[in-house]
Amino acid sequence: MAADGTRKPRRKKKKEPLSAGEKRRLRQLVICIILFGLVFAGRGIDLGPVSRLSSAVGELVRADTDFQAVFAQVGESFSRGEPAVETFKSLWTEVSHPSD
């Protein structure tokens, strides 16, 4: 305030662009808010499918599968020029249901 009791007019601040660090922190804040929203919204989700997927992956990891042989088969199949879809189907079959 001025000595006579009146206010000085405020100067308008120039809009300065954000620095690189401020931009990074703003992106981090937005990502944190999105993640918080996902966690908050996902608290009531039925986790049955996730637990079934987890147990299926656990079985694959514990199974006695010769991954080296399976991927060697994939390499041979690509070398012969077989279609990728058929190759990946056979890969999935060999990994998920290994033959004894």
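Counting only protein heavy atoms and using a 1.4 Å probe, the accessible area of ASP4 comes to about 120 Å². Across LYS23, LYS13, the residue with the most accessible area heads the list, and the full order at a 1.4 Å probe is LYS13, LYS23. Using heavy atoms of the protein chains and a probe of 1.4 Å, the accessible area assigned to PHE36 is about 140 Å². Across all directions, the average projected area of the convex hull around the alpha carbons of the chain is 15.6 nm².
Placing +1 on the Cβ of each Lys and Arg and -1 on the Cβ of each Asp and Glu in the chain, which of ALA56, ALA69, SER96 has its Cα farthest towards the positive end of the resulting dipole? Selected residue: ALA56.
Only protein heavy atoms count here; on that basis, with a 1.4 Å probe, GLU76 has an accessible area of about 100 Å². Relative to its residue count, the range 37-78 spans a Cα convex hull of 116 Å³ per residue. Taken over the chain, lysine pairs spaced eight or more positions apart, or on distinct chains, with alpha carbons under 29 Å apart number 4.
The values are calculated or read from the model by the stated rules, or taken from the named source; none is laboratory data. Being a predicted model, the structure only gives us computed values, none of them experimental. Here Cβ is always computed from backbone atoms with ideal geometry, including for glycine, and neighbour counts include all displayed protein chains. Please note that ligands, DNA and RNA were not included when accessible areas were found on the heavy atoms of the full protein model with its side chains. Shrake-Rupley method; radii C 1.70, N 1.55, O 1.52, S 1.80 Å.
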